Structures are given as structure tokens and as C-alpha cells.
Amino acid sequence: MASTPPPEQFPLSHAKHVKGTRYMAREKVLQILAATADGETAWDVVFPHIFERQFTFETVNPPEDQKRILRPEEVRDLEADVPIDWSQEDREYAIQVVRAARDQQEEATALINRYTENWELDRIAFMDRMLMHLAIAECRACSDIPLKVTINEVIELAKRYSTDRSGTFINGILDAIIKELKGAGKIFKTGRGLVE
């Protein structure tokens, strides 16, 4: 009689670690925003799953703050077998931007809608909208990150997560939104080379 193999433990690989980067943190923030866009799951429930890779699918009746979100096969698809070593700075950045996106969601949505009013909403890729929310939140919440860096990084993420034309589209819309926010005094940049 064959014995059943022991249940797999996650992460699958304990030997390999990846050092987190700001780009990776930004990518995780995008994934958190996309996962919470429907408003059904709070960001603080999703955050440990996506950013810290703390999965709860072995828990039979998890407490509300540890809701089961992913199935084991979904975790494998996310390459969750590679733990990420985050710096405190990148962890704080991610929390700051996710909170800003949550707190400014209505205003950011109104801005995006206004500057895309000539576009049919169903023709705008979901990820394009999430990328613009990410960019607006980062521009407003992170006074030490240059606007050009935010836009360039969001365009890079668009190449991976959205359509071929997304970068140009997002760049044009964000340019108009950022001009409005700067004109209204809602974007503050401090530090050497950041004050315009």
C-alpha cells in the first residue's frame, strides 16, 4: 500500500530568497490594488497574502482578518515559492501607497473618468485604471520620488500587465492629471532635485 505524500508546505523553496526592490514593491502594490478593486476584500487582508506571502489556505475556519484568498495552485502560479526579503523602507513605501490609493480612491477615479471621458469605459483596460490609481497615489503620497520616476515605472509595469498601447495611453492621461494636481497644490515634492 502506497503512502500518501505529506502536504506541501509554502513557500515551496526555503533555500532561494530574492531581495526586494522598489520596482517589485510597486508591482505588489499594483496587485493589491487590483485584488481589492471590487471593494469586497479589505487591503489589510490582502496585503499579507500578496506582499508578505503569508497564505492561510491550510486554515479550516480562519478568523476574519485571515480570510482564505488563494488556493495552493494559484500560489504556485504566482511563483510564491520564492520568498522575498523586503527592506523596511520598501515595506513602508507599499503601505503608504496602498493607504493613499484607498483614501484618495474617489478623487482619483473622478480624475481618471474626467480625462478619459472621450473613451468608452469598457475599452479602457482594467489594469490601465489600476496603474493610473497607483501612479496618482504614489505622486501624492511619496514626496521623495520624482514624478518622472513614478510615470516611467508605471509605464514599465504596463508593458508587463496590460496592452501594447497602454504605456502611451497612461502617459497622456497621467500627464494631464498631474498638471491638474500640481496646479491645485496637491502634489508636494521635497529633497534635492525634486522641487520644481
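Derivation of every value follows stated rules applied to the coordinates shown; laboratory data play no part. Please read these numbers as outputs of a predicted model, since none were measured by experiment.
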*Tabulate in residue order the Karplus-calculated ³J(HN,Hα) for segment 130-143, using 6.51 cos²θ - 1.76 cosθ + 1.60 with θ = phi - 60°, rounded to whole Hz; enter x for Gly and Pro.*
5, 5, 5, 4, 4, 5, 4, 4, 5, 4, 8, 8, 10, 5
*Stretch Val18-Gln88 to full length: gain in nm at 0.36 nm per residue minus the Cα-Cα span?*
23.7 nm
_Vicinal HN-Hα couplings computed from phi for segment 151-165 (Karplus, 6.51 cos²θ - 1.76 cosθ + 1.60; Hz; Gly/Pro x)_ = 5, 4, 5, 5, 5, 4, 5, 4, 4, 8, 10, 9, 8, 4, 8
*Using modelled amide H (1.01 Å from N, peptide plane; none on Pro or chain starts), what sits under 5 Å from the amide H of Trp86, excluding residues fewer than 5 places away?*
Gly20
*Tell me, what HN-Hα J-couplings in whole Hz come from the Karplus equation 6.51 cos²θ - 1.76 cosθ + 1.60 at θ = phi - 60° for each residue of segment 17-27, using x for Gly and Pro?*
10, 10, 7, x, 10, 5, 4, 5, 5, 5, 5
